[in-house]
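One structure is given here, and the rest of the page talks about it.
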Amino acid sequence: MQKHSPIESFGKYKWSNSGNILVGNEAPSMGNAGLPFELLMHIMKFVETREELRDCSLVSQAWRVAAQGEIFSTITIRTEWECRFWEEKFTRSPDLAKSVHNLRLRDSESHGSEHMKPPQYLAAGAAPRLLAQLTHVRSLSVDSFHLWGPVERALILQFQSLESLELYNVSLRKSPDLPELILNLPQLTRLTMGQAPGRGIQNTLLDLQATVESGNQLRNLRPRIGIPQRLHFLCLYDVEACLDTLMWLTGEAFDLSEVQELCLFWLCFGDDASEISLPPDYFSALDDLIRLIGGRVQVLHLGMPIYTEDEAGQAFASNDYDVVCTHLAESKLLAQFTDLRTITLSYVDFDDCRDTLPVALQAAVSLLSTLSAPRLQEISLEEVDIKVDPSRNMYSIGTLPEWRELDDLVTGNAFPLLREVNISLSIICRTRQSYSTDVLMTEKAPDRIITSEQLESILGACMPKAVSRGLLSLDIVAEK
């Protein structure tokens, strides 16, 4: 009786019976339906779930290769056990390690609080062996490593081909090795950074002198071997608090002359607005950054908080509590973005199930009216909520004065090349939790839920000139 090898041969490829894993050095050129393999790989990026990817892997040999490439394209490490799991898996199947292009490192014990030491799993034996296997990683995301030391630096410096780095919940001032790490990644072109938890404006003001001193030291850092780090994409979270990061980015260590996409996000808590008094030059580092790169940026994304009522339950008529938005509007700094093609305003709703539309519109008009971008082609307002209330006349949405201001703005002479104004809205109708009393407040559902079609008709009437020019595009989702 002929013995079967645990490896079945398919031309240049061999398949393991035990794990359905492909081993070999060259990708197949054609799929089962005569599709180029590169097209198959592209198709797999649009498959939404791992279960569907596994189904795709059953179609043919080439489909399996493409599906496995997508399945293993991103891995997340949170614990020492996960390090051992992946290290053992890639030891058995080295070719799978080559599929990993995106690596995410998390601190599973952080829980949103600031620890005084990094996660311990990177110091364990499996972590160095695992990271050494991942020779094709191009994107690294690190979250909640509040301190960064020589162990972490030595491991990450293995990724000399890294093109994208995301650092969330980190502190440059407390991790002196971190700036040196970033400046020693020669292929890096995309950088995302966010502050440590709790570093809001008030906390920054309490430690303002030390933060500015740290920023001055970072600004004076010399670039690696005399070559500044050249970025094409820059994303910053908590811009109201990360003064030292902003100062560093405008120093000699970076070349921002080719940044074409900029994302700025901030959180300014409404309850703190009346309690803070900012120094006149508090936003000077942000101003310097915008003036430095504004004329080159083509894609701008601004993410801001939305609060709909104060502690007394009174509705906010504007976003005056948002000191960053107010500063940008009053200083007209957005006029620096003269080559802008796309601008997106997104909103973070801190009042669950509230109607964010009035404040979102007011913020949009105040910022967009300061633009001087003759090449602008697309404006997007994202994550806007409309609350459906049993006693509410939904046609009252159209009475907001900002609709007319927005309609006049997008159809006027400011943006002659504008092609689309996209507004993404959610119709909210559900029970909500009162966080101040821990009482579930069940609201009676309206007898007639407004449909997406009805809302589209109402909003179309709010911006008649934009509709007549074919500019308005509505993306409406009904949440229950």
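Of all residues in the stretch 202-235, those satisfying the criterion of being in contact with a helix residue (DSSP H, G or I) (Cβ under 7 Å, 6 or more places away or on another chain), closer than 30 Å to VAL348 by Cα and surrounded by 14 or more Cβ atoms within 10 Å (Cβ to Cβ) are THR204, THR211, VAL212, SER214, GLY215. The residues in the stretch 77-132 that are touching a Pro at 6+ places or on another chain (Cβ under 7 Å) and modelled with pLDDT of 90 or more can be counted, and the count is 0.
So that you can scan it fast, the table gives a plain yes or no per residue for (1) among the small types (Gly, Ala, Ser); (2) at pLDDT below 95; (3) over 30 Å from ALA285 (Cβ atoms):
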| residue | (1), (2), (3) |
| --- | --- |
| LEU334 | no, no, no |
| ALA363 | yes, yes, no |
| SER369 | yes, no, no |
| PRO374 | no, no, no |
| LYS387 | no, yes, yes |
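From the list LEU191, LEU172, the one residue that fits, being touching a residue at least 60 places away in the same chain (Cβ under 8 Å) and within 18 Å of ARG106 (Cα to Cα), is LEU172.
Scanning the stretch 212-229 for residues that are within 15 Å of THR250 (Cβ to Cβ) and in contact (Cβ under 8 Å) with a residue 12 or more places away in the chain yields VAL212, SER214, GLY215, ASN216, LEU218, ARG219, ASN220, LEU221, ARG222, PRO223, PRO228, GLN229.
Can you tell which of VAL100, VAL59 is of a type in the set (A, V, I, L, M), in a loop (DSSP other than H, G, I, E, B) and in contact with a His (Cβ under 7 Å, 6 or more places away or on another chain)?
Selected residue: VAL100, the only one of VAL100, VAL59 that is of a type in the set (A, V, I, L, M), in a loop (DSSP other than H, G, I, E, B) and in contact with a His (Cβ under 7 Å, 6 or more places away or on another chain).
Among the residues here, LEU221 qualifies as of a type in the set (A, V, I, L, M, F, W, C) and at pLDDT below 90.
Restricting to the stretch 149-170, what's the tally of residues that are in a loop (DSSP other than H, G, I, E, B) and in contact with a strand residue (DSSP E or B) (Cβ under 7 Å, 6 or more places away or on another chain)? Number of matching residues: 3. SER426 - would you say it is at pLDDT below 95, under 32 Å from the mean Cα position of the chain (by Cα) and surrounded by fewer than 16 Cβ atoms within 10 Å (Cβ to Cβ)? Against the criterion (at pLDDT below 95, under 32 Å from the mean Cα position of the chain (by Cα) and surrounded by fewer than 16 Cβ atoms within 10 Å (Cβ to Cβ)), SER426 does not qualify.
What residue, of PRO186, PRO128, PRO176, PRO150, is surrounded by fewer than 18 Cβ atoms within 10 Å (Cβ to Cβ) and closer than 20 Å to LEU243 by Cβ?
None of the others qualify; the one that does is PRO176.
Residue count for the stretch 232-263, restricted to those that are part of a strand (DSSP E or B) and either touching an Asp or Glu at 6+ places or on another chain (Cβ under 7 Å) or at pLDDT below 90 (or both): 1. Confirm whether ARG64 is outside any strand (DSSP E or B) and modelled with pLDDT of 75 or more. Here the answer is no, as ARG64 does not meet what is asked.
The values are calculated or read from the model by the stated rules, or taken from the named source; none is laboratory data. These figures come from a predicted structure and were not determined experimentally. Heads up, the Cβs are rebuilt from the backbone with ideal geometry, glycines too, and the neighbour counts pull from every protein chain shown.
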